[in-house]
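Notes follow once the structure below has been shown.
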């Protein structure tokens with residue numbers, strides 16, 4: 001079985017490749033009656049897009065989204081919503097020299113072993129281009145969550161290489177290409193990325209995120225825990241190598257007396273659990289962190305093999321991000337929105353509860 005769909009009551013399926021003619025998605029189970037425009041979706045796509053600064057891939061896609069089905073006269077109908085985007089700036093010739101090469105650190109080797117064939121043009125299905133559709137679908141989920149539950153989701157850059165950042169003013173994360181609330185540190189980040197880009201190397205990043213005003217009671221124990229499905233959603237994003245919920249790995253060094261989030265006068269005194277206990281939301285902010293690896297598309301030669309098993313040196317040309325994590329912020333937000341909305345719909349379907 002091919003796994004290109006996630007979600008239970010709200011089901012998201014993406015399709016298409018980095019250098020194919022189009023990419024797209026189907027969002028099935030979305031409720032009727034919500035107004036939506038392509039401009040609202042495009043606003044989120046612009047945040048994710050390449051070519052927004054010198055620190056990202058210079059591929060410049062128009063990302064003009066088409067609503068093919070599921071919306072009539074600007075309102076969702078309750079039927080499957082299909083979204084399509086044309087690929088207009090793919091340069092497949094940039095990858096001609098690696099058609100038979102296995103790039104270290106990429107999906108080339110594992111896809112080749114699994115399928116016996118691989119799309120070498122920009123990674124094909126494994127390309128981060130696929131996440132465009134997650135952000136498009138996430139735009140609908142974000143609006144629905146805000147309208148019905150006043151849920152706000154925000155993510156920000158918490159670490160770039162060895163530079164650690166505070167959350168700063170989260171109302172201003174879109175005011176810089178780094179998605180940081182510490183705008184005064186943007187020159188430092190600029191200088192760091194300029195030096196990195198000149199070296200031909202790459203670096204990883206950490207994105208922190210939170211969802212505010214999430215009602216208590218979301219989550220399906222034992223195998224549909226909210227934190228487990230958030231982790232799954234984050235791990236499905238390209239280049240993710242780690243996910244933390246709440247305190248995450250810091251919980252290892254915390255004493256239980258600190259970590260247990262005491263309740264005083266009916267209020268939680270802390271939130272080390274990240275707003276989720278036993279897989280079910282508590283009504284606190286849901287907090288998580290995602291670690292993104294450095295991109296492996298480098299002009300620095302790397303040792304590998306070709307598809308015939310011959311030893312080679314690989315140099316990857318073309319347009320690539322020296323840090324893929326920088327553009328991951330809206331993707332993390334979109335995945336949080338889709339998971340939380342799905343769990344709200346599952347909760348209401350199971351319990352018929354008016355508590356949410």
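Observations on the model:
Condition check ((1) touching a residue at least 12 places away in the same chain (Cβ under 8 Å); (2) surrounded by 19 or more Cβ atoms within 10 Å (Cβ to Cβ); (3) assigned to a strand (DSSP E or B)) across all residues:
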{"site": "193", "(1), (2), (3)": "yes, yes, no"}
{"site": "202", "(1), (2), (3)": "yes, yes, no"}
{"site": "209", "(1), (2), (3)": "yes, yes, yes"}
{"site": "229", "(1), (2), (3)": "yes, yes, no"}
{"site": "241", "(1), (2), (3)": "yes, no, yes"}
{"site": "249", "(1), (2), (3)": "no, no, no"}
{"site": "271", "(1), (2), (3)": "yes, no, no"}
{"site": "288", "(1), (2), (3)": "yes, yes, yes"}
{"site": "294", "(1), (2), (3)": "yes, yes, no"}
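- Only one of the listed residues (103, 121) is assigned to a loop (DSSP other than H, G, I, E, B), more than 21 Å from residue 25 (Cα to Cα) and modelled with pLDDT under 90. That residue is 103.
- Per-region count, the range 276-285, residues part of a loop (DSSP other than H, G, I, E, B) and touching a helix residue (DSSP H, G or I) at 6+ places or on another chain (Cβ under 9 Å): 1
- Pick from the range 50-75, criterion under 24 Å from residue 155 (Cβ atoms) and modelled with pLDDT of 75 or more, ranking: surrounded by the fewest Cβ atoms within 10 Å (Cβ to Cβ): 63
- A single entry from 269, 247 fulfils the requirement of being in contact with a helix residue (DSSP H, G or I) (Cβ under 9 Å, 6 or more places away or on another chain) and at pLDDT 95 or above: 247.
- Qualifying residue in the range 133-141 (condition: surrounded by fewer than 24 Cβ atoms within 10 Å (Cβ to Cβ), over 13 Å from the mean Cα position of the chain (by Cα) and under 26 Å from residue 85 (Cβ atoms)): no
- Residues within the range 254-280 that are more than 24 Å from the chain's Cα centre (by Cα) and farther than 17 Å from residue 219 by Cβ, tallied: 15
- Verdict on residue 318 being modelled with pLDDT under 95, assigned to a loop (DSSP other than H, G, I, E, B), in contact with a helix residue (DSSP H, G or I) (Cβ under 6 Å, 6 or more places away or on another chain) and surrounded by fewer than 20 Cβ atoms within 10 Å (Cβ to Cβ): yes
- Flag if residue 137 is at pLDDT 90 or above, outside any loop (DSSP other than H, G, I, E, B) and touching a strand residue (DSSP E or B) at 6+ places or on another chain (Cβ under 6 Å): yes
- Note on the range 1-37: residues that are under 12 Å from residue 134 (Cα atoms), in contact with a helix residue (DSSP H, G or I) (Cβ under 8 Å, 6 or more places away or on another chain) and in a loop (DSSP other than H, G, I, E, B) amount to 0.
- The set of residues in the range 16-30 being in contact with a strand residue (DSSP E or B) (Cβ under 7 Å, 6 or more places away or on another chain) and either buried (at least 17 other Cβ atoms within 10 Å of the Cβ) or at pLDDT 95 or above (or both) consists of 16, 23, 24, 25, 26, 27, 28, 29, 30.
The values are calculated or read from the model by the stated rules, or taken from the named source; none is laboratory data. Treat the numbers as computed from the prediction; the structure is a model and nothing was measured. For neighbour counting, all protein chains shown are included, and Cβ atoms are generated from backbone atoms with ideal geometry for every residue, glycine included.
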